[in-house]
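The values are calculated or read from the model by the stated rules, or taken from the named source; none is laboratory data. Just so you know, these numbers come straight off a predicted model, no measurement behind them. Here the Cβ positions follow ideal geometry from the backbone for every residue, glycine too, while neighbour counts run over all protein chains shown. Please note that ligands, DNA and RNA were not included when accessible areas were found on the heavy atoms of the full protein model with its side chains. Shrake-Rupley method; radii C 1.70, N 1.55, O 1.52, S 1.80 Å.
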Amino acid sequence: MKNEFAFVEDIIKSGIPDAVVSVEDMTGTKDHLAITVISDAFEGKMLFQQHQMLMNLLKDELKTRIHA
């Protein structure tokens, strides 16, 4: 059975297939999430570029379901 934040993992893995994703509910409200992603796709990229990759993948969810 997938956890309640599996949709976040699925979105990230759709764009970064080798990603290892961890999602934590920061406030108990299920909309403020701490997301950790490990992937070879980040190699050689600066931190802001890594964040940009994730923000681009999650942009629709950030408008409605979750907060960065």
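Inside segment 21-68, residues that are under 13 Å from residue 8 (Cβ atoms) and assigned to a helix (DSSP H, G or I) make up a count of 9.
Go through segment 51-65 residue by residue and tally those that are open to solvent by 70 Å² or more (accessible area, probe 1.4 Å) and farther than 13 Å from residue 5 by Cβ.
Residues of segment 51-65 that are open to solvent by 70 Å² or more (accessible area, probe 1.4 Å), as a first pass: 51-52, 55-56, 59-60, 63-65.
Retained after the next criterion (residues that are farther than 13 Å from residue 5 by Cβ): 51-52, 55-56, 59-60, 63-64.
Count: 8.
Under the condition of being of a type in the set (Val, Ile, Thr) and within 15 Å of residue 67 (Cβ to Cβ), which residue from segment 12-50 is least open to solvent (accessible area, probe 1.4 Å)? Step through it out loud before you land on a result.
Within segment 12-50, the subset of a type in the set (Val, Ile, Thr) is 12, 16, 20-21, 23, 27, 29, 35-38.
Filter once more, so that each one left must be within 15 Å of residue 67 (Cβ to Cβ): 23, 27, 29, 35.
Details: 23: 37, 27: 83, 29: 83, 35: 55 Å².
Of everything passing the filter in segment 12-50, 23 is least open to solvent (accessible area, probe 1.4 Å).
The set of residues in segment 6-42 that are closer than 19 Å to residue 56 by Cβ, under 10 Å from the mean Cα position of the chain (by Cα) and of a type outside the set (A, V, I, L, M) comprises 7, 9, 10, 13, 36.
For residue 7, the criteria (1) free of Cβ contacts under 8 Å to residues at least 40 places away in the same chain; (2) open to solvent by 40 Å² or more (accessible area, probe 1.4 Å) hold in every case but one, which is (1).
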